[in-house]
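Everything on this sheet refers to the single structure shown next.
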Amino acid sequence: MAANGKKPWKFLGTITTVLLNTLFFLSTPWGVVVTFLGSISLVLWGVSRAVIQSPLTELSIGTFLAVLWTVIGLRVLMSFKQTASVKLEQTYEYCLNPEGYQFLIAEDDAFQIGFNFRNLSNGPIRVECEKFDLRIEDRSCPAPEEKIALVIPRVSLRGLRSGAFKPEVLKHGAVAMLDVQIAYGPPVGAPVRKYRFRTKLHLGLQKNEHGKIIQGGIVEEFLGDEDKPI
């Protein structure tokens with residue numbers, strides 16, 4: 001009975017200890033700070049929740065989003081009526097590309113060799129042929145008195161021709177050396193780049209029963225090219 005009578009007093013002592021520890025915690029400076037911050041957090045949470053759940057807040061947010069997307073949609077529709085223009089900057093670097101050769105035969109059996117090239121730039125260019133030196137074995141044609149100049153549209157093909165060679169110069173299996181030098185640049189103004197092309201050509205012939213040349217073939221042995229600014 002005596003042991004059972006001490007249990008209420010023991011429980012009361014435990015409660016007293018908890019209360020004293022709580023008072024001690026609240027009496028310390030950092031305890032006051034923690035308690036203050038906790039109280040502020042609870043107040044802010046309650047206010048925020050009340051504002052968010054308010055019908056006026058929901059109406060304001062809905063109105064703002066509706067106006068925002070309406071303005072975005074109107075701007076997109078207006079942009080469809082505006083003409084978009086893109087201006088490409090003219091470039092000239094490495095825009096001349098060799099495109100093969102031609103074997104041309106005249107009525108008197110004289111023949112010419114044509115050299116073709118293409119303009120790969122994004123606009124027209126003006127080319128000036130400074131040198132077109134074609135030598136077949138030990139024969140060559142005189143250079144033209146006037147410099148050859150022409151304007152080539154974008155991605156268009158143009159060609160240069162040698163002077164005419166007499167038929168007796170050409171033999172089956174003859175070897176020709178071609179050295180071409182071209183200055184090029186904008187359609188109006190001075191050239192800005194210089195292109196040089198060198199190759200060896202192996203010439204073949206096809207004659208009829210009368211010994212007249214009716215067709216010629218060309219096999220190229222590329223020697224090199226160079227494209228550099230002036």
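The Cα-based radius of gyration and maximum Cα-Cα distance (Dmax) for the range 96-229 are 15.8, 53 Å.
With the simple model of a label 7 Å out from the Cα in the direction of the Cβ, residue 107 to residue 158 spans 2.9 nm.
Residue ranges 221-229, 106-114 sort as 106-114, 221-229 when ordered by packing (mean number of other C-beta atoms within 10 Å per residue, highest first). Put simply, the amide H of residue 121, placed in the peptide plane, has neighbours under 5 Å in 155, leaving out anything fewer than 5 places away on its chain.
Where a number appears in this text, it was derived from the coordinates with a stated rule and is not lab data. Keep in mind it's a predicted model, so treat the numbers as computed, not measured. All Cβ positions, even for glycine, are placed from backbone atoms using ideal geometry, and neighbour counts span all protein chains on display.
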